[in-house]
Structures are given as structure tokens and as C-alpha cells.
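**Student:** Encoded as C-alpha cells, here's the structure I'll be asking about.
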Protein chains: 2
Amino acid sequence: MSRFQVLLVAGTHGNEVNAPWLFEQWSETPELINTHAVQLVQVIGNPAALELGRRYLDRDLNRSFRLDLLSSSSSSDREVDRAKELLRLYGPQGDKPCQIAIDLHSTTAAMGNCLVVYGRRSADLALAALIQARLGLPIYLHEGDQDQQGFLVEGWPCGLVIEIGPVPQSLLQACIVEQTRLALEACLESLGKVSSGLLSYPDHLVVHRHLGSLDLPRDASGRPAAIVHPQLQGGDWRPLKAGTPLFLRPDGEVLRFEGQELPVPVFINEAAYFEKHIAMSLTSREVWPLPEALKGALQQLVGF
Amino acid sequence: MSRFQVLLVAGTHGNEVNAPWLFEQWSETPELINTHAVQLVQVIGNPAALELGRRYLDRDLNRSFRLDLLSSSSSSDREVDRAKELLRLYGPQGDKPCQIAIDLHSTTAAMGNCLVVYGRRSADLALAALIQARLGLPIYLHEGDQDQQGFLVEGWPCGLVIEIGPVPQSLLQACIVEQTRLALEACLESLGKVSSGLLSYPDHLVVHRHLGSLDLPRDASGRPAAIVHPQLQGGDWRPLKAGTPLFLRPDGEVLRFEGQELPVPVFINEAAYFEKHIAMSLTSREVWPLPEALKGALQQLVGF
């Protein structure tokens, strides 16, 4: 039996309250979640922000795991300090070393139950493929976006985000809690099988590869001049065809998608992305074979 | 023509962003909203909180219009200062005196498009009855709740809240903006007719009278021990029958409604009410006749 440990993080954003609630119940009644004999460390990512019900205090913790920030000797941002602390405590060379990080999030967008991986690290993709084979969850592959860097799970050799929505910020909803638990159990079941060697990988995985993001149309002073069209609201994962309404101006004018390439929109109208100038992101749906080398990376990581 | 003025307030809660956006568009393109020739003053209730995307800074502005707070000479709460300022500027004896206040809100609960009135002031009920006759909106009559006092519209001789949901906090949604506009126009159309005398009142109004509120079940340390049952989520305005699921414990136990009186729940799982220990409020649906004296109160107020 290998000795790898998995870091489970909830409340990386302090206004995403469903996963922290699950942790709380779980700590009182451990049998509520089947851990599949995987060694776990649970932590609240940003407890100070959770206490205040805010996404963050000084800056987004889930954009703070950037090398330049982590290597600076001093920071005025509490989230950068927290990022350093989390790595010191639970990083692969930390006090309680973890090799894999699973970060539990929720969104106001109608993303359903899905996985987010950052870049093309082999172990991440292997783990995502296993969970997808188990539950069918879509995978959003975020990569190549210079404006969005420093995600928490990138601080660990392997990691991914479980993202559930739609749910308002700061609101407990039973179905969101349940979806979080189901995705997490599928993840732990997969990891349990990896470590025991009782595993067959799927032949391929389906990814939605990040192409870029669209902002709301803005006026000369930078204020939004249109909002997400009501027909697009909730339409995450449905390909955009030429002519699909994107935005609605106050005077009733409709701005439509004009491309021909059928991109798949995700994170449509996520409340927290307003400040990031992201009204939605566009992806390309791709079926990728799962090469042996990729499977080996996850096996190696968990020491089997 | 009478000279009454109506105060329109958006952003009384700084994380309810749809009505403020409507104001912004309207200020650029006045013809976007039909004011029905009613004299209007528009104001952002809590601009500092809106800037930060928070419900409030120090205390809920929409619980700060209490006589004891307003009559105190000093306050450490910025919202109490703002309440005094709003009354000094736009109160019935203010610099730009307004006789009627319409306060535009949104909620994470599935309240649809509805009106909230506080207590049984004749002019409020007359105005609500007129809007209900025009659009059919349900009316939530909030009264007799010692824990929830000091609502903004109570600072004016007549006033009501237009409440739209569900929408996450801090999120612009086109359908919420549109519902806000529709309810507001129905309100202004009614007031326009009152002031011109071209009006017939309905014979009755339907109110949902506040009976009390239910909190989440809590454990010995005060933390929630159960959450709103998924079957009840979104079930605002649907009468509770004996046996209707209310709350779900983490272990799967269902807590059910056990009364016989068929109360109608409202504001089920409003995110901002978590801190107020309100998981939902219960109301009694009642059909009230609309006596002449009540109609006269609104006519008198607008000086017709």
C-alpha cells in the first residue's frame, strides 16, 4: 500500500460555502463520505474570507499560486501569505506532504458537475479521465491564458478542480452539496484503485480546451454596454452556432455569435468573473487518446 | 397636475446589481423606461456597498430606518448615517421632497416578480393593489416581526419594495432587469393615473400576510445541522402541506412540515438571510376588500 496523501481544499473562495459545509458534516460523521481508503488531509483554503462571506480579502487566492508571487520575500496581500502557508503545510515538501490536491468550487454559471484541469500535466489528465469514465463529467482544460494564472492545484504535482453550479454565492443548496460529494467520491474511488493497482484506464478522454474569453461589450468609459442575452444564460456546454445571441443591449439590440467554428461556451455569466472582464469562456470539444505514458505518470505519483 | 415626487431607490443592498444597471442605462437613454409623466428622483441607496459588491458595510441599510437609530445623535454605522442622509435629501421634508419611495431589490429565492409592503399603511396597500390589478404580482405583507424592523420605505409616507428572483448576488441577468422594468412601469403607470384622476381601483387585493420565520435546525453550538430540502428549494408561494419536506440532515433524515394550516412559504433560502437566521418565512394567503378610505389615502398623498 502506498503512502500518498490527497489534499482536499474547500472554501478557496470564501463565498463558496457548500464544500465547507460538507467538510463540517464529514468531520462530525466521517462515514458520510466514502474515502475509499485514500489518505486525506482536509483544509479550508481561505478561512478568513469564508468567515466574512467574501471571495477573498486582498486578491483571489486561486490566482495567487504564481511563482513570482510565491518567491517574493514580502507581500501585502493576505492571500499570497496564505498560498505560501498552504504549501509550507501541505505542499509536496510540506509538514504533512500531499502529492495530489483536489479543490472544491462552485459557480453561479450553469456548469453542472464538472472538472477543471490546468495545462496538460499527465497525472492531472489521467485522473480526470478516470473520473470522467466513472461519472461522465465534462472536463474543462484551461491553458494558455496569460491573464489567468496561479491556480491553487498548480502548487501540487497533480490536482484538479471539481466545479459545481449554478448556485448563488454564499448559499447552501442541498443538490450542490450532493453533487460535490458524488464527484469527490468518484475521484477518491479512482485514486483508491490507482493505489491498489486494480484499475483499467479508459482509451480516451473528452476535453473542452480553452480557446479564450469574451468580455461584455463596454462603452468608452469601460462600463458594460450590454449584458448576457437571456437565451444564452444557462447555455453552458451547448455549442455556439452562427447567429446564436450573445449579448443584449439596453435598447434591445442583439449581438450575435458570428463565427463558424462551433465553440462551446463555459462559465457563462459567473458573478465573480465580472471583475476579471470575463462574460464567458470559449472552448473546443476534443477527443484525445490516453497514451500509456500519461497513465504511468499518475501511477508513479501515488507510488504504485 | 399635482406635484408629488417619487423616490426610486436601487442598490439599497450593494450586491443587488440589476436595478442599479437599469438606472445607469436609463440615465443615458431616458426613453428606455416609460415614466408615465410621474416626477421621479433616482438614487443609489448604498453606493459605497455597491462599489465593493457587498450587501452593506456596517449594518443592513434596509434595517436602519428605525426611529431609535435615526434619532440618535451619533452612530458608528455608516448605514445609519446614510439613512439619515437619504431622509435629509429626499424625505418628505427633505431638500428634494418625495412622498413615495419605491425600493428595487433582488433575491436568491425563487420569488418571481413580487411586491413587499410593511405594515398596513393605507396608501401602501392602495398602491400595491393597483399594481397587482395591472400585473397580477403577489404581495408579501411583512408585519409584526420584532426582529426585522427599519425598512427603507417606512421612512416615507408611502412606499413598497419590488422584489425579483431568483438571481445570484452581484450578477446581472437580462430577465431580472426586464422583470424589474416591467414591475416599475406598472407602478409608475398606476401612480400616473392616480395623479391624473383616471383610475379605477380593484375591489380587493390578495396579500400573503407574514406569520413568522423558520430558521435552519441548529446544533448545540449554533451551527446549521440541516439545510433546505431540495424539494422545497424554489418552492416559494406553494402552500406547505402536512408532510412537505422542509430540511435535510447530512445523514439523510428529512424534517417535514407538520402543521395543518397550509402556510405559504416565501424567501426560501435567501442567501442574505442566513445571518438573520431565516431559512424561510411563512405567510397566510388572504383576500382583502379594498375600502374607500384606503383608496382615499393614496389620492390625498399625491394631492389629487
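The values are calculated or read from the model by the stated rules, or taken from the named source; none is laboratory data. None of the values given here were measured: they were computed from a predicted structure. Cβ atoms come from the backbone with ideal geometry, glycine included; neighbour counts cover every protein chain shown. The accessibility values were calculated without ligands, DNA or RNA, using every heavy atom of the protein model including side chains. Shrake-Rupley method; radii C 1.70, N 1.55, O 1.52, S 1.80 Å.
**Student:** Of all the accessible heavy-atom surface of the protein assembly as shown, with the other protein chains kept in place and a 1.4 Å probe, what percent is carbon and sulfur? Please report the intermediate quantities before stating the final value.
**Tutor:** Working: 12220 of 24630 Å².
In the protein assembly as shown, the share of accessible area belonging to carbon and sulfur is 50 percent.
**Student:** Suppose accessible area is computed on protein heavy atoms with a 1.4 Å probe; arrange B:Glu163, B:Glu24 from highest to lowest. Mind dumping the intermediate values first?
**Tutor:** Working: B:Glu163 15, B:Glu24 55 Å².
Greatest to least solvent exposure: B:Glu24, B:Glu163.
**Student:** So which residues of the stretch A:220-245 lose at least 20 Å² of accessible area, probe 1.4 Å, when you go from the chain by itself to every protein chain present?
**Tutor:** Residues meeting the cut-off: A:Arg223, A:Pro224, A:Ile227, A:Pro230, A:Gln233.
**Student:** Hey, what did chain B get for relative contact order, percent, Cα under 8 Å, at least 6 apart? Don't skip to the answer; put the middle values down first.
**Tutor:** Numbers: 672 pairs, mean separation 62.4, N = 304.
Contact order relative to length: 21 percent.
**Student:** Also: Strictly greater than 17 Å: what percent of every Cα pair in the stretch B:97-168 meets that?
**Tutor:** Roughly 42 percent, once rounded to a whole number.
**Student:** Share of antiparallel DSSP beta bridges in chain A, in percent to the nearest 5? Provide the component values of the computation, followed by the final result.
**Tutor:** Values: 24 of 49 bridges.
Just about 50 percent of them are antiparallel.
**Student:** What does the C-alpha gyration tensor say about the overall shape of the stretch B:166-304? Classify as rounded when a/c is under 1.5, otherwise prolate if a/b is larger than b/c, or oblate. The partial results should precede the final answer.
**Tutor:** Values: a/c = 2.91, a/b = 1.93, b/c = 1.51.
It is prolate, given that a/c is not under 1.5 and a/b is the larger ratio.
**Student:** A further question on this structure: Less than 25 Å apart at the alpha-carbon level, and either on another chain or at least 8 residues along: which lysines does that give for A:Lys84?
**Tutor:** List returned: A:Lys96, A:Lys276.
**Student:** Assuming a ≥ b ≥ c are the square roots of the Cα gyration tensor eigenvalues, decide whether the stretch A:71-227 counts as rounded (a/c under 1.5), prolate (otherwise, with a/b larger than b/c) or oblate. Walk me through the intermediate numbers first.
**Tutor:** Details: a/c = 1.69, a/b = 1.22, b/c = 1.38.
Judged from the Cα gyration tensor, the stretch A:71-227 comes out oblate (a/c at least 1.5, b/c at or above a/b).
**Student:** List the residues of the stretch A:17-37 that lose 20 Å² or more of accessible area once all protein chains are present, compared with their chain alone (1.4 Å probe, heavy atoms only, no ligands or nucleic acids).
**Tutor:** A:Trp21, A:Glu24, A:Gln25, A:Glu28, A:Leu32
**Student:** Where does the stretch B:149-212 land on the Kirkwood hydrodynamic radius, alpha-carbon pairs, in angstrom? Intermediate results must be reported in sequence, preceding the final value.
**Tutor:** Details: mean 1/r = 0.0680 Å⁻¹.
Result for the stretch B:149-212 stands at 14.7 Å.
**Student:** Long-range amide H contacts for A:Ala101: which residues qualify at under 5 Å (H placed 1.01 Å from N, peptide plane, sequence gap of 5 or more or a different chain)?
**Tutor:** A:Leu7, A:Cys158, A:Gly159, A:Leu160
**Student:** What per residue convex hull volume, in Å³, do the alpha-carbon atoms of the stretch A:27-82 yield?
**Tutor:** So the per-residue Cα hull volume is 126 Å³.
**Student:** Treating the Cα atoms of the protein assembly as shown as identical point scatterers in vacuum, please give the log10 of the normalised Debye intensity I(q)/I(0) at q = 0.08, 0.10 Å⁻¹, two decimals.
**Tutor:** -0.62, -0.93
**Student:** Same structure again: Among the DSSP beta bridges whose two residues both lie in the protein assembly as shown, what percent are antiparallel, rounded to the nearest 5? Mind dumping the intermediate values first?
**Tutor:** On the way: 48 of 98 bridges.
Beta bridges within the protein assembly as shown, antiparallel portion: roughly 50 percent.
**Student:** Okay, next question. When only C-alpha pairs under 8 Å and at least 6 residues apart count, what is the relative contact order of the stretch B:211-281, in percent?
**Tutor:** After rounding, I find 34 percent.
**Student:** Threshold 10 Å², probe 1.4 Å: give the residues of the stretch A:155-188, in number order, that are less accessible with all protein chains present than with their chain alone.
**Tutor:** With the partner chains in place, the stretch A:155-188 has these residues losing at least 10 Å²: A:Pro168, A:Gln169, A:Ser170, A:Leu171, A:Leu172, A:Gln173, A:Ala174, A:Cys175.
**Student:** Shifting gears a bit: Please say if the stretch B:1-94 is rounded, prolate or oblate, where rounded means a/c under 1.5 for a ≥ b ≥ c the square roots of the C-alpha gyration tensor eigenvalues, and otherwise the choice is prolate for a/b larger than b/c and oblate otherwise? Let's see the in-between values first.
**Tutor:** Numbers: a/c = 3.24, a/b = 1.36, b/c = 2.38.
Cα axes put the stretch B:1-94 in the oblate bin.
**Student:** Per residue, what accessible area does the stretch B:29-177 have, given a 1.4 Å probe and all protein chains present, in Å²?
**Tutor:** Dividing the accessible area of the stretch B:29-177 by its residue count gives 38 Å².
**Student:** On a 0 to 90 degree scale, rounded to 10, what angle separates helix A:78-90 from the longest Cα axis of chain A?
**Tutor:** Taking Cα atoms only, the helix is inclined about 30 degrees.
**Student:** Mind listing the phi-derived Karplus ³J(HN,Hα) values for the stretch A:67-76, rounded to whole Hz, using 6.51, -1.76 and 1.60 with θ = phi - 60°, and x for any glycine or proline?
**Tutor:** Result, ordered by residue: 4, 5, 6, 5, 8, 6, 7, 9, 9, 9 Hz.
**Student:** Let me ask you something else. How far, in degrees from 0 to 90, does helix A:18-28 lean away from the longest principal axis of the Cα atoms of chain A, to the nearest 10?
**Tutor:** The answer is roughly 20 degrees.
**Student:** Can you tell me the accessible area per residue over the stretch B:211-281, all protein chains present, probe 1.4 angstrom, in square angstrom? Spell out each step's value before the answer.
**Tutor:** Details: 3290 Å² over 71 residues.
For the stretch B:211-281, the solvent-accessible area averages 46 Å² per residue.
**Student:** Can I ask one more? Please list, by residue number, every one of the GluC sites (Glu not before Pro) in the stretch A:251-304 that is coil in DSSP and has at most 16 other beta-carbon atoms within 10 Å. Before the final figure, lay out each step's value.
**Tutor:** Details: sites: A:Glu253, A:Glu258, A:Glu261, A:Glu270, A:Glu275, A:Glu286, A:Glu292; in loops: A:Glu253, A:Glu258, A:Glu261, A:Glu270, A:Glu275.
Within the stretch A:251-304, the qualifying GluC sites (Glu not before Pro) (loop, at most 16 other Cβ atoms within 10 Å) are A:Glu253, A:Glu258, A:Glu261, A:Glu275.
**Student:** Run the simple label-point estimate for B:Ser73 and B:Asp215 please: 7 Å along Cα→C-beta, distance reported in nm.
**Tutor:** 3.6 nm
**Student:** Something else about it: When you have a sec, figure out the Kirkwood radius of the stretch B:211-281 from all distinct Cα pair distances and drop it here in Å to one decimal? Walk me through the intermediate numbers first.
**Tutor:** Details: mean 1/r = 0.0813 Å⁻¹.
So the Kirkwood estimate lands at 12.3 Å.
**Student:** Could you compute Rg(Cα) / (2.2 N^0.38 Å) for chain A, with N its residue count? All intermediate terms of the calculation are to be shown ahead of the outcome.
**Tutor:** Details: Rg = 19.3 Å, N = 304, 2.2 N^0.38 = 19.3 Å.
That ratio works out to 1.00.
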